[in-house]
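Taking it in order: structure first as structure tokens, then the write-up.
The values are calculated or read from the model by the stated rules, or taken from the named source; none is laboratory data. It should be emphasised that the depicted structure is a prediction, and the values quoted were computed from it without experimental measurement. So basically every Cβ, Gly included, is an ideal-geometry build from the backbone, and we count neighbours across all protein chains shown. In case anyone asks, the SASA skips ligands and DNA or RNA and just uses the protein heavy atoms, side chains included. Shrake-Rupley method; radii C 1.70, N 1.55, O 1.52, S 1.80 Å.
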Amino acid sequence: MKTLVIGASGATGLHLVQQLLEAGQAVKIIVRSTAGIPAAWQIHEHIEIITASIAEMHPEQMVELLKDCQAVASCLGHRPSFKGIYGKPRRLVRNAVQLICESIQSNAPASPVKFVLMNTSGNANRDLNEPNPHKNRIVIGLLRVLIPPHADNEQAADYLRVTIGQDNPYIQWVAVRPDGLINEDEVTDYELFPSPVRNPIFNPGKTSRINVANCMTRLIAEPALWNTWKGQMPLVYNKEV
């Protein structure tokens, strides 16, 4: 299997690519610069590096890139800077999801391509009747207005949930929702739930980035896990000791 990874040079994307390689996957990555990736990747026989800005890629380029890919994984996000949060493109992730999905459909693959999107616990799955207290709705409403990346994350997941839906012949998807992200060096035990078991705004849990990457890797590599969660938006929490 070959997987296209976007956001590969980010804190979670670096873990994801490494774990995909360790799982025996071939990987394509799109990065703006090779400066942020391990030097070993540049000579790795199972990695193809495309140096480009996904926000500036033409549909024809993406169609060609995806022709030999059976999976796509997105850890794409906005840079944690004023320009990254408030500058353009405001809909970086959502636009990338649309570009990729339209390109997959243009290729009309014989078997559905897996699309795994890293999302956020602050985005509700509106296919389910998830708990949404009034105080949460107020905060989320403010985040949509004041923090553009939050609305971007919502719209990216909604594109998969609504536009692609459950019965697309060319694309199957999972949107992984970690809670409060932390850095750890090793994969630890974690749990998946279809909906939040904690209040994501006022009582968030913890999810290590390396565990998010492990979850995404397993979804791509393990058919049984994929079949359990396809078309859903599982929450990922580090298992409390």
Note on segment 1-30: residues within 17 Å of MET118 (Cα to Cα) and of a type in the set (S, T, N, Q) are THR3, SER9, THR12, GLN18, GLN19
When segment 166-177 is checked residue by residue, the ones that are open to solvent by less than 20 Å² (accessible area, probe 1.4 Å) and in contact (Cβ under 8 Å) with a residue 60 or more places away in the chain are ILE171, VAL174, VAL176
Filtering helices (runs of 4 or more DSSP H) wholly in segment 46-150 for at least 3 residues that are within 30 Å of VAL197 (Cβ to Cβ) and more than 19 Å from the chain's Cα centre (by Cα) gives 134-146
Restricted to segment 15-31 and to residues being hydrophobic (A, V, I, L, M, F, W, C) and over 13 Å from the mean Cα position of the chain (by Cα), the residue surrounded by the most Cβ atoms within 10 Å (Cβ to Cβ) is LEU20
Selection from segment 96-128 of residues open to solvent by less than 10 Å² (accessible area, probe 1.4 Å), under 14 Å from ASP158 (Cα atoms) and of a type in the set (A, V, I, L, M, F, W, C) yields ALA96, VAL97, CYS101, PHE115, VAL116, LEU117
Considering every residue within segment 184-195, establish whether at least one is modelled with pLDDT of 90 or more, open to solvent by 70 Å² or more (accessible area, probe 1.4 Å) and of a type in the set (Gly, Ala, Ser).
no
Scanning segment 207-228 for residues that are over 14 Å from the mean Cα position of the chain (by Cα) and either of a type in the set (A, V, I, L, M, F, W, C) or at pLDDT below 95 (or both), the one most open to solvent (accessible area, probe 1.4 Å) turns out to be ALA224
Of (1) touching a Pro at 6+ places or on another chain (Cβ under 8 Å); (2) open to solvent by 70 Å² or more (accessible area, probe 1.4 Å); (3) under 21 Å from ALA8 (Cα atoms), PRO131 fails just (3)
Within segment 209-241, residues more than 14 Å from SER121 (Cβ to Cβ), touching an Asp or Glu at 6+ places or on another chain (Cβ under 6 Å) and of a type outside the set (A, V, I, L, M) come out as LYS239
